[in-house]
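Here is the structure we will look at, set down as structure tokens.
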Amino acid sequence: MNQVITASRLTDGAVVFLGQDRTWVERLAQAEVFSTVDASAEALKSAQKDEQANVVLDIYAIDVAPKAGVLVPIKLREAIRAQGPTVHPEHGKPR
Amino acid sequence: MYRYDEFDAQFVAQRVAQFRDQVARRLSGELTEEQFKLHRLMNGVYLQLHAYMLRVAIPYGVLSSRQLRKLAHIARRYDKGFGHFTTRQNIQYNWPALADCPDILDELASVEMHAIQTSGNCIRNVTADQFAGAAADEVADPRPYAEILRQWSSLHPEYSFLPRKFKIAVTGAPKDRAAIQVHDIGYHVIKNNRGEIGFAVYVGGGQGRTPMVALKIRDFLPEAELLAYTDAIVRVYNLEGRRDNKYKARIKILVHEKGAEAMRTAVEAEFAKVRERNLTLPDADIQAIQSYFALPNLPGKPVHAEAVEARRAKDAAFDRFVAVNVTPHKVAGYGVVTISLKPIGGIPGDATAEQMDLVADLAERHSHDEIRVSHEQNLVLPHVAFEDLPAVYDALAAADLATANAGLVTDIIACPGLDYCALATARSIPVAQRISERFGDSPRAQDIGDLKIKISGCINACGHHHVGHIGILGLERKGEETYQITLGGTADETCSLGTLTGPGFSSEDVVDAVETVVNTYLGVRRDRSEDFLSTFRRVGMAPFKQALYEKNEGAGI
Ligand code: SF4
């Protein structure tokens, strides 16, 4: 199992992920990957403080899996959040 | 068009100032999301998959050039250069920053627009026929009535927290272009046999997870009683509508559970009481509002403009545009021009800032400064002299806005779906794009004739799939997008809900399935004059089902 923590940034609603140094990053590739349920749950819990601090909102964990050598969300909804609208690649995020 | 008076202007300005303060308090951390959410929604600000989304009301679909230019400016300055016109005659911006929202609302206020009541359990933007005030078949212009309803329902103290959202639509022509029978209240402006104006009243229509065609609750309501009767209906709903279950809270469920007769009796009893409260509209007030919507001065013109006929004879693309996208106007020598926001393979309802500016310029030059937005996600120039058609067409063509497909198979309604929407279960736009590419601008697409395909990305049905001749509903099954197809729906005056063909189709197969449906229609229609809906009503589901599931065993999932 691999999970990352995601949220929406308060100021602009942008999709963000919890990064290596526990700051919020825009690219999934820079997110910290948790490989156990406990690690993910603990990260989620500690990330909640940023919701209280009004940095982000709607924090939750998502499942990711390697595809063609990079980690991508398993669910289509999360893949689209991570990448941007499929119909507007130019407004998407660089991997 | 209606112009704000001092009171309107002050009210909208105050509301923006309030919201500015609320946003500042949210950004500073003084308000939690839970506290703030209600305020942002009351001002049209949603949180979607990638960003906030701002939904701006275009009252009954009417815009001036100045307003459309402002919408373009907002797209350019605060967003990513485009906006999305929706099935509710709203425009949605997909990427505004929260801190910018008060500035955007200030900009909107400067052109007499706002985002109030574009969300929440209140009376939403009142919608109307996009050809209002121009169509040749019109009995009376529905816009004054929509405006009266808008003024009455704006921040109505009794109706700001209804059991659920509430949508009213008004049409003034026998041909219903405003889908009134799938609204909470639908008003159909008619004349009685004494020549008096009034309304046939429909209640309890709606789509979503429990689609229903409205009940005709009154054959003729005198014009002056518009507000009294609306008040009676909404009051009965407010008191009796279910607040215990979000999915059963719309008025359609009340009408269904209570029964048609009991609903009618309750509304009429309330109406008798309301009348004593003096909501009857004085003639002078109706006329005052009507004067804002007077037909512009359109000098009579020849029905056959020579330059147009000559161009039609030698330019097949122009000829097709005139045949397909221009509708008869009530004044001879003029046409109502539909500007399709459905270029082949494009995103239904999206327009760039440059396109909006161009349409605003054209409206100023050729349509008496008027633009309309249709619930079918297109724009309209309502008053174009025939002799101006070549110039209008050339300008539109240069901006990729001259697709001659109004009402045809590629004029597809699609909601934002999983590409943007936080509630979606599947994507809608890419399906629309692929269908559009499949049929393209070919002679076959012309030959198919009137065919409305409508696509929603979840059961909320913003893409009106229940009333599509071909309706497509995107769902998720075992992590995959799957699409159910319904046939035979329509939102016009013969309103009916589509019937499910059977099991759904994968994303890969759904376009083939639509093509199979279309080919089946072409095979069974009597001739070209029998359109898809008439054919379906005559032959029923059987041949379509057979073509979809029996010939191709295993194609469906
Ligand atoms: S139908 Fe569903 S997916 Fe489409 S816009 Fe409405 S809520 Fe979103």
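The values are calculated or read from the model by the stated rules, or taken from the named source; none is laboratory data. Just so it is clear, the model here is predicted, and its values are computed rather than measured. Using ideal geometry, Cβ is built from the backbone for each residue, glycine included, and neighbour counts are taken over all protein chains shown. The accessibility values were calculated without ligands, DNA or RNA, using every heavy atom of the protein model including side chains. Shrake-Rupley method; radii C 1.70, N 1.55, O 1.52, S 1.80 Å.
Could you report the buried accessible area between A and B, both sides summed, computed with a 1.4 Å probe and given in Å² to the nearest 100? Each step should come with its number before you reach the end.
Values: alone 5920 and 21600 Å², together 25520 Å².
Roughly 2000 Å².
Along the three principal axes, how long is the protein assembly as shown when you take its alpha carbons, biggest first, rounded to the nearest angstrom?
The Cα atoms of the protein assembly as shown stretch 77, 61, 50 Å along the principal axes, largest first.
Of all DSSP beta bridges located in region B:137-291, what percent are antiparallel, nearest 5? Working shown, then result.
On the way: 13 of 17 bridges.
So the antiparallel bridges in region B:137-291 amount to around 75 percent.
Would you please give the FRET efficiency between B:Asp244 and B:Val524, computed as 1/(1 + (r/R0)^6) with r the Cβ-Cβ distance and R0 = 51 Å, to the nearest 0.05? Please report the intermediate quantities before stating the final value.
On the way: r = 47 Å, r/R0 = 0.92.
Once the sixth-power term is evaluated, E becomes 0.60.
Could you pull out every one of the aspartates and glutamates with an alpha carbon less than 14 Å from that of B:Lys452, ignoring same-chain neighbours closer than 8 positions?
Qualifying aspartates and glutamates at Cα under 14 Å: B:Glu376, B:Asp411, B:Asp492, B:Glu515, B:Asp531.
Could you calculate, for region B:6-109, the ratio of the Cα radius of gyration to the Kirkwood radius, expressed as Rg to Rh?
Working: Rg = 13.6 Å, Rh = 14.2 Å.
Taking Rg over the Kirkwood Rh, I get 0.96.
If you average the sequence gap of Cα pairs under 8 Å that are 6 or more apart and divide by the length of chain B, what percent do you get for the contact order? Walk me through the intermediate numbers first.
Numbers: 1219 pairs, mean separation 69.4, N = 557.
Once normalised by length, the contact order is 12 percent.
Report the relative contact order of region B:6-109, percent, no decimals, based on alpha-carbon pairs under 8 angstrom and at least 6 residues apart. Intermediate values should be presented prior to the final figure.
Numbers: 113 pairs, mean separation 31.5, N = 104.
Relative contact order for region B:6-109 comes out at 30 percent.
DSSP loop (so not H, G, I, E, B), at most 14 other Cβ within 10 Å: list which trypsin sites (Lys or Arg not before Pro) in region B:501-548 pass both filters.
Values: sites: B:Arg525, B:Arg526, B:Arg528, B:Arg537, B:Arg538, B:Lys545; in loops: B:Arg525, B:Arg526, B:Arg528.
Counting only loop positions with at most 14 other Cβ atoms within 10 Å, the trypsin sites (Lys or Arg not before Pro) in region B:501-548 are B:Arg526, B:Arg528.
Indicate the gyration tensor shape class of chain B (rounded, prolate or oblate), computed on the Cα atoms with a ≥ b ≥ c the square roots of the eigenvalues: a/c under 1.5 is rounded; otherwise a/b larger than b/c is prolate and the rest oblate.
Numbers: a/c = 1.25, a/b = 1.14, b/c = 1.09.
Since a/c stays below 1.5, the shape of chain B is classed as rounded.
May I ask you to list, by number, the DSSP H helices of chain B whose Cα span along the axis is at least 18 Å and whose average Kyte-Doolittle hydropathy reaches 0.5 or more? Spell out each step's value before the answer.
Numbers: long enough: B:6-27 (32 Å, -0.48); B:65-78 (19 Å, -1.07); B:226-240 (21 Å, 0.64); B:260-276 (25 Å, -0.32); B:353-366 (19 Å, -0.44); B:507-524 (27 Å, 0.52).
Helices meeting the span and hydropathy rule in chain B are B:226-240, B:507-524.
Would you calculate, for chain B, the mean residue ellipticity at 222 nm contributed by helices, counting each DSSP H stretch of 4 or more residues as -39,500 (n - 2.57) and dividing by all residues, to the nearest 500? Present the calculation step by step, with values, prior to reporting the outcome.
Values: 18 runs with 205 residues, N = 557.
That calculation yields -11500 deg cm²/dmol at 222 nm.
Which of the listed residues, B:Gly133, B:Gly407, B:Leu27, is farthest toward the dipole's positive end in chain B, when Lys, Arg count +1 and Asp, Glu count -1 at the beta-carbon?
Of the candidates, B:Leu27 comes out farthest on the positive side.
Under 8 Å for C-alpha pairs, at least 6 residues apart: give me the relative contact order for chain A, rounded to a whole percent. All intermediate terms of the calculation are to be shown ahead of the outcome.
Details: 157 pairs, mean separation 27.9, N = 95.
After rounding, I find 29 percent.
Order A:77-87, A:16-26, B:373-383 from most to least packed using the mean count of other Cβ atoms within 10 Å.
Details: A:77-87: 20.6, A:16-26: 16.5, B:373-383: 25.8.
The packing order, highest mean first, is B:373-383, A:77-87, A:16-26.
Once you average over the residues of A:77-87, how many Cβ atoms of partner chains fall within 10 Å of each Cβ? Don't skip to the answer; put the middle values down first.
Details: counts 10, 1, 1, 8, 5, 1, 1, 5, 12, 6, 14.
Partner Cβ neighbours, averaged per residue: 6.
I'd like the mean, over residues of A:10-19, of how many other protein chain beta carbons sit within 10 Å of each residue's own Cβ.
If you average over the peptide's residues, the count of other-chain Cβ atoms is 5.
For region B:309-349, restrict the atom set to alpha-carbon positions and state the Rg and Dmax in Å.
12.4, 35
Return the percentage of antiparallel bridges among DSSP beta bridges fully within region B:429-484, rounded to the nearest 5 %.
Numbers: 5 of 9 bridges.
In region B:429-484, approximately 55 percent of DSSP beta bridges are antiparallel ones.
Which shape class, rounded, prolate or oblate, goes with region B:137-291 when its Cα gyration tensor gives a ≥ b ≥ c as root eigenvalues, a/c under 1.5 marks rounded, and past that a/b bigger than b/c marks prolate? Walk me through the numbers on the way to the answer.
Numbers: a/c = 1.66, a/b = 1.39, b/c = 1.19.
In terms of gyration-tensor shape, prolate.
Between region B:153-184 and region B:39-62, what's the alpha-carbon centroid distance in Å?
What the calculation gives is 18 Å, centre to centre.
Go through region B:152-258 and name the GluC sites (Glu not before Pro) that are in a DSSP coil and have 13 or fewer other Cβ atoms within 10 Å of their Cβ.
Details: sites: B:Glu158, B:Glu196, B:Glu223, B:Glu225, B:Glu240, B:Glu257; in loops: B:Glu196.
Passing both the DSSP loop test and the Cβ count: B:Glu196.
Roughly speaking, what % of Cα-Cα pairs in chain A are separated by over 16 Å, rounded to a whole number? Provide the component values of the computation, followed by the final result.
Values: 2306 of 4465 pairs.
For chain A, the share of Cα pairs beyond 16 Å comes to 52 percent.
How far apart, in nanometres, would the label points at B:Arg77 and B:Lys545 be if each is projected 7 angstrom from Cα along the Cα-to-Cβ direction?
Placing both labels 7 Å beyond Cα along the Cβ direction yields 5.8 nm.
Magnitude of the Cβ-charge dipole of chain A, K/R +1 and D/E -1, about the Cα centre, nearest 20 debye?
Numbers: 11 positive and 12 negative charges, 50 e Å.
The calculated dipole for chain A is roughly 240 debye.
Long-range amide H contacts for A:Val72: which residues qualify at under 5 Å (H placed 1.01 Å from N, peptide plane, sequence gap of 5 or more or a different chain)?
Residues meeting the amide H criterion: A:Ala65, A:Lys67.
Too long at a 22 Å Cα-Cα cut-off: which of B:Lys80/B:Lys167; B:Lys191/B:Lys330; B:Lys216/B:Lys246; B:Lys175/B:Lys258; A:Lys75/B:Lys342? Spell out each step's value before the answer.
On the way: B:Lys80/B:Lys167 30 Å; B:Lys191/B:Lys330 17 Å; B:Lys216/B:Lys246 25 Å; B:Lys175/B:Lys258 30 Å; A:Lys75/B:Lys342 29 Å.
Checking Cα-Cα distances, B:Lys80/B:Lys167; B:Lys216/B:Lys246; B:Lys175/B:Lys258; A:Lys75/B:Lys342 exceed 22 Å.
Which whole number gives the average count of other chain Cβ atoms within 10 Å of the Cβ atoms across peptide B:91-102?
Values: counts 0, 0, 0, 4, 4, 2, 5, 5, 3, 2, 0, 0.
Mean shielding count: 2.
What fraction of the DSSP beta bridges in chain B is antiparallel, stated in percent and rounded to the nearest 5?
Values: 52 of 65 bridges.
Restricted to chain B, the bridges split so that about 80 percent are antiparallel.
Taking the square root of 5 times each eigenvalue of the Cα gyration tensor, what semi-axes in Å does the equivalent ellipsoid of region B:413-550 have, largest first?
On the way: eigenvalues 111, 45, 44 Å².
One finds semi-axes of 24, 15, 15 Å for region B:413-550.
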